[in-house]
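Here is the structure we will look at, set down as structure tokens.
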Amino acid sequence: MENLVSFIFEPNVFVLFLLLMFGGLGLLLELLNAGLIFPGLSGFALLVLAFLVVQHLSINMVGPLLILLSFPMAFVE
């Protein structure tokens, strides 16, 4: 368990991108299938973890916000 927590909170852009990607996909699945509960909850939890990882990185917040903004823009297109 400690290895998983250390992997998630290790300041790594790859981990941040994976958390944002799977969190966005979970929320998208929840929007497409309104009766499912697990994708929405897991997507929300992964996005919260992603924003916690952002605090440990020395990057600007604009990058992850643009990645999150790309999901609705791709859906609208």
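The values are calculated or read from the model by the stated rules, or taken from the named source; none is laboratory data. Please read all numbers here as calculations on a predicted model, not as lab measurements. Neighbour counts are summed over all protein chains in view; Cβ atoms, including those assigned to glycine, are modelled from backbone coordinates with ideal geometry. Surface areas here come from the heavy atoms of the whole protein model, side chains and all, with no ligands, DNA or RNA. Shrake-Rupley method; radii C 1.70, N 1.55, O 1.52, S 1.80 Å.
Here are a few things to note about the model shown:
- PRO39 vs. criteria surrounded by 12 or more Cβ atoms within 10 Å (Cβ to Cβ) and free of Cβ contacts under 8 Å to residues at least 24 places away in the same chain: yes
- Of all residues in region 42-77 being outside any helix (DSSP H, G or I) and open to solvent by 60 Å² or more (accessible area, probe 1.4 Å), the one that is farthest from VAL15 (Cα to Cα): GLU77
- Within the set ALA34, ALA45, ALA74, the sole residue that is small (Gly, Ala, Ser) and modelled with pLDDT of 90 or more turns out to be ALA45.
- Of all residues in region 5-36, those being open to solvent by less than 70 Å² (accessible area, probe 1.4 Å) and part of a helix (DSSP H, G or I) number 15.
- Cβ-Cβ under 9 Å pairs, at least 6 apart or on other chains, region 43-65 side over 9 Å from LEU19 (Cβ atoms) and among the aromatic types (Phe, Trp, Tyr), far side outside any helix (DSSP H, G or I) and open to solvent by 80 Å² or more (accessible area, probe 1.4 Å): none
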